[in-house]
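Here's the structure we're looking at; comments come further down.
Every number here is computed from the coordinates shown, using simple stated rules; none is lab data. Small disclaimer: the values here were computed from a predicted structure and weren't measured. Cβ placement follows ideal geometry from the backbone for every residue including glycine, while neighbour counts extend to all protein chains displayed.
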Amino acid sequence: MTTPAPACTTRHIAQPFTGPVDSNLDSEKIQRIQNTALETAVLNGEVENARRALEKGADPDISTLDGYSMLHVAAKKGNVEILRDLLLRAKKLNPKTAIWGQTPLRTAIQEDNDPKAILECAKLLIQARAEVNIEDSYVRNTPLYAAAALGLFDTVHLLLEARADPNLGGGIAKPVIAAVKFPEIVRLLLERGARVSTPISGNYPKSGNQAIHEAAQLGESRSVKVLLEFKADPEAHNRHHQTPAHLAREELQKERTQATYKSPEVQAAYIQSFEKILAQLQDHAK
């Protein structure tokens with residue numbers, strides 16, 4: 001599960017300052033004026049006003065009250081143009097937010113952002129040499145985990161090319177588990193060295209589940225096929241001593257006997273998928 005970033009808040013309620021600066025103001029006051037102009041423009045997505053404030057000397061490394069730098073704000077909003085301008089001047093590429101402890105690169109990867117904007121923001125940050133392997137402070141996930149969980153194949157590929165570690169992350173699950181709904185990402189991660197058998201950690205209901213448990217329980221037969229190709233153990237036990245087949249069989253029974261909101265066609269597809277998974281697991285059992 002990815003963790004959404006909280007809304008950015010600003011210290012000021014001010015309009016961008018675009019006029020001439022009073023020569024009687026001291027340099028500190030001038031800097032505050034320009035910083036306010038930049039912060040307001042970035043928060044409002046105003047490309048020209050942000051550019052003008054930067055040209056007048058605004059500090060691109062200022063942050064909001066909740067610890068969002070201007071890079072965080074632009075990345076979270078998917079504003080490629082503002083992010084590009086900020087990166088020409090910013091010195092701090094990996095600051096962490098005060099609440100979740102996310103870097104700008106991690107903040108760019110949000111569920112409600114356009115995938116193309118996410119990819120472009122990630123490219124800009126990586127080209128500027130932002131670090132790709134920094135974990136969140138709270139849930140300890142990485143940008144790669146977030147991209148995998150959202151099914152962002154191109155962003156996952158970009159991060160791996162930038163040497164993102166597919167086995168990094170102190171959170172409850174690794175990227176390959178996060179990606180089980182997206183078999184092409186599962187394959188890519190495994191090809192790049194992700195460990196197929198690392199289980200979910202911690203004291204959670206799903207603790208001990210490996211990627212193959214998760215894929216089997218969710219009815220993801222294509223991911224089960226990929227995982228088995230990479231030598232996932234079809235008889236692996238989780239902390240409740242359940243195998244992937246056990247979980248798939250439970251879900252199949254639910255689909256056959258319990259009332260469901262699914263249409264008959266969708267329900268039939270789920271039943272077929274679980275039956276296929278059970279056959280796959282049986283074929284690979286020792």
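Could you pull out every residue, at least 5 positions away or on a different chain, whose amide H is within less than 5 Å of the one on residue 69? Hs are placed 1.01 Å off N in the peptide plane, and Pro or chain starts have none.
Close amide H contacts, sequence-distant or interchain: 64.
So what is Rg over Rh here for the range 58-170, counting just Cα atoms and using Kirkwood for Rh? Each step should come with its number before you reach the end.
Working: Rg = 12.6 Å, Rh = 13.6 Å.
That ratio equals 0.93.
Label residue 47 and residue 65 with points 7 Å out from Cα along Cα→Cβ: what is the distance between them in nm?
It is 3.1 nm.
Quick one: if the Förster radius is 22 Å, what FRET efficiency do residue 285 and residue 240 give, using the C-beta to C-beta distance and rounding to 0.05?
So, using R0 = 22 Å, E works out to roughly 0.70.
Sorted from largest down, give the three principal axis spans of the alpha carbons of the range 174-286, whole angstrom values.
40, 29, 28
Please compute the alpha carbon radius of gyration of the chain, then divide it by the globular-protein estimate 2.2 N^0.38 Å. Two decimals is fine.
My calculation over the Cα atoms of the chain gives 1.23.
For the pair residue 229/residue 138, report the inter-label distance in nm, with labels modelled 7 Å from Cα in the Cβ direction.
3.7
Residue by residue through the range 265-272, what is 3J(HN,Hα) from phi via Karplus (6.51 cos²θ - 1.76 cosθ + 1.60, θ = phi - 60°)? Round to whole Hz and write x for glycine and proline.
Computed from phi, the couplings for the range 265-272 are 5, 5, 4, 5, 5, 5, 4, 4 Hz.
What does the range 81-122 give for Rg and for Dmax, in Å, if only its C-alpha atoms count?
That works out to 10.9, 28 Å for Rg and Dmax.
Can you tell me the FRET efficiency between residue 129 and residue 157 if r is taken as the Cβ-Cβ distance and R0 is 22 Å, rounded to the nearest 0.05?
Details: r = 19 Å, r/R0 = 0.85.
Plugging the Cβ-Cβ distance into 1/(1 + (r/R0)^6) gives 0.70.
Over what distance in Å are the Cα centres of the range 214-251 and the range 118-185 separated?
23
Sort 159-166, 269-276 for me by packing, meaning the mean count of neighbouring Cβ atoms within 10 Å per residue, highest on top.
Working: 159-166: 19.5, 269-276: 17.2.
My ranking of the peptides, most packed first, is 159-166, 269-276.
At 7 Å along Cα-to-Cβ for each site, give me the label-to-label distance between residue 92 and residue 272 in nm.
Going from the residue 92 label point to the residue 272 one covers 5.5 nm.
Starting with the highest mean, order 229-235, 87-93, 71-77, 57-63 by the number of other Cβ atoms within 10 Å, averaged over the residues of each peptide.
Values: 229-235: 16.6, 87-93: 14.6, 71-77: 27.6, 57-63: 19.3.
Answer by packing, highest mean first, reads 71-77, 57-63, 229-235, 87-93.
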